[in-house]
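See below for the structure under consideration.
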There are 2 protein chains.
Amino acid sequence: MAHIGNGTEYGLHCLLLLARPLAEPASSRDLAELQGISTSFLAKIFPKLERAGIVKASAGIRGGYQLARPAEQITVLDVVDAIEGPKPLFDCQQIRGGCTIFEGKPPAWMTRGVCGIHAVMLRAEKLMRDELARTTIRDLADGVASKAPPGFGMQIENWFADRVNVRSEARLAVVTGPRPRRKADDE
Amino acid sequence: MAHIGNGTEYGLHCLLLLARPLAEPASSRDLAELQGISTSFLAKIFPKLERAGIVKASAGIRGGYQLARPAEQITVLDVVDAIEGPKPLFDCQQIRGGCTIFEGKPPAWMTRGVCGIHAVMLRAEKLMRDELARTTIRDLADGVASKAPPGFGMQIENWFADRVNVRSEARLAVVTGPRPRRKADDE
């Protein structure tokens, strides 16, 4: 499995859709269905983004998610860390101290500082993380917008608005119940 | 689990021990026992290093592994690739083409070029890999040598030589069998 998994990929694509504020918050179900991805998987990702202060949730039939801060203040690294959690590139097992020649008492010269192998991995990880921190959700959204034809953003907005309206009307029908039978119906 | 796992860590530590050529090739069992790591796990790692042309094997009671090329020509990245295999940082699922608005026919503007999210991941991965390619087994071995007291290298060499000798003598005893009973023994 890749170090940065599908959860992060799905999360980033959703945040792209939220970068341009929608008329109403988007539900994770709608975000999943628009993109043809698993609704149950996405439902587990949004609470992680919420805990990290990347999105905020609102409840109710017209509730859903929106960005908790401007898209230019959310980096790809923020999203990776929120969804992947603490996941080092390399997890040093301190092999150097276990050399049998030391008979369980590794000398100070051997265990001083970071192991040379670990140090290389930490340098590589830092460069990787620095690069992920250089790009924001705004940058990514601008990249899509620069390729998209005029009106694509509005098309997306309308799709979400339609979904919210359909859901609200369906809920209203449940609350008010079916049309009552009238005497004329039996005639 | 970390992206770069224990197998690579064990492999790198072993290659460090082989950087200064030993009198005879080292068996993976001896390399494991010297370092207090799993012999069965290490036995699975060395064939990967051999297939990648990093070590070469020799058979027989005094056989084992040695570097297949000079330590300054083996980078940390070579070892990571040999042991981890093809393992991208991020495995793009092409989410962008699945948007339901496109009804299964994503337009050319959407699928042109690399996805912006994938592009960020590829840049981060390249920086990580470039850094891993900058350090060689020679650099790592020099780092240990610069900290170690005089005579440590020789201590390691002697440990391996003792093991080979003990094994050869044990094998000799098996081949020649127990000392034959002589008439005098019964007297």
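State which residue is farthest from the chain's Cα centre (by Cα) when the search covers only segment A:39-54 and only residues that are part of a loop (DSSP other than H, G, I, E, B) and surrounded by 15 or more Cβ atoms within 10 Å (Cβ to Cβ).
A:Ala52
State whether one or more residues within segment A:59-69 are in a loop (DSSP other than H, G, I, E, B), away from every other protein chain (no Cβ under 14 Å) and either crowded, with 20+ Cβ neighbours inside 10 Å or modelled with pLDDT of 95 or more (or both).
Yes, there is a match, as at least one residue in segment A:59-69 is in a loop (DSSP other than H, G, I, E, B), away from every other protein chain (no Cβ under 14 Å) and either crowded, with 20+ Cβ neighbours inside 10 Å or modelled with pLDDT of 95 or more (or both).
In segment B:1-24, the qualifying residues are those that are closer than 14 Å to B:Lys56 by Cβ and modelled with pLDDT under 95, and the one that is surrounded by the fewest Cβ atoms within 10 Å (Cβ to Cβ) is B:Pro21.
Name the residue, out of B:Leu18, B:Leu31, that is in contact (Cβ under 8 Å) with a residue 24 or more places away in the chain, outside any loop (DSSP other than H, G, I, E, B) and touching a helix residue (DSSP H, G or I) at 6+ places or on another chain (Cβ under 7 Å).
Answer to the selection: B:Leu31.
In segment A:12-39, the residue that is farthest from the other protein chains (Cβ to nearest Cβ) out of those that are acidic (Asp, Glu) and closer than 22 Å to A:Ala52 by Cα is A:Glu24.
The helices (runs of 4 or more DSSP H) found entirely in segment A:71-154 that carry 2 or more residues being facing chain B (nearest Cβ under 10 Å) and closer than 25 Å to A:Leu12 by Cα are A:76-84, A:116-134, A:137-147. Just one of the listed residues (B:Gly85, B:Gly36) is more than 15 Å from the chain's Cα centre (by Cα), among the small types (Gly, Ala, Ser) and surrounded by fewer than 21 Cβ atoms within 10 Å (Cβ to Cβ), namely B:Gly36.
Yes/no per residue for (1) surrounded by 15 or more Cβ atoms within 10 Å (Cβ to Cβ); (2) farther than 27 Å from B:Thr135 by Cβ; (3) touching a residue at least 12 places away in the same chain (Cβ under 8 Å):
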| position | (1), (2), (3) |
| --- | --- |
| A:Leu127 | yes, no, no |
| A:Arg134 | no, no, yes |
| A:Ile137 | yes, yes, yes |
| A:Gly143 | yes, yes, no |
| A:Met154 | no, yes, no |
| A:Asn158 | no, yes, no |
| A:Val164 | yes, yes, yes |
| A:Glu169 | no, yes, no |
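Restricting to segment B:103-118, and then to whatever is farther than 16 Å from A:Ile156 by Cβ and surrounded by fewer than 17 Cβ atoms within 10 Å (Cβ to Cβ), can you tell me which residue is nearest to the chain's Cα centre (by Cα)? Checking each candidate, the answer is B:Val114.
The values are calculated or read from the model by the stated rules, or taken from the named source; none is laboratory data. Owing to the predicted nature of the structure, the values given are computational and were not obtained by experimental measurement. Don't worry about glycine lacking a Cβ; one is built from the backbone with ideal geometry, like all the others, and counts go over all protein chains shown.
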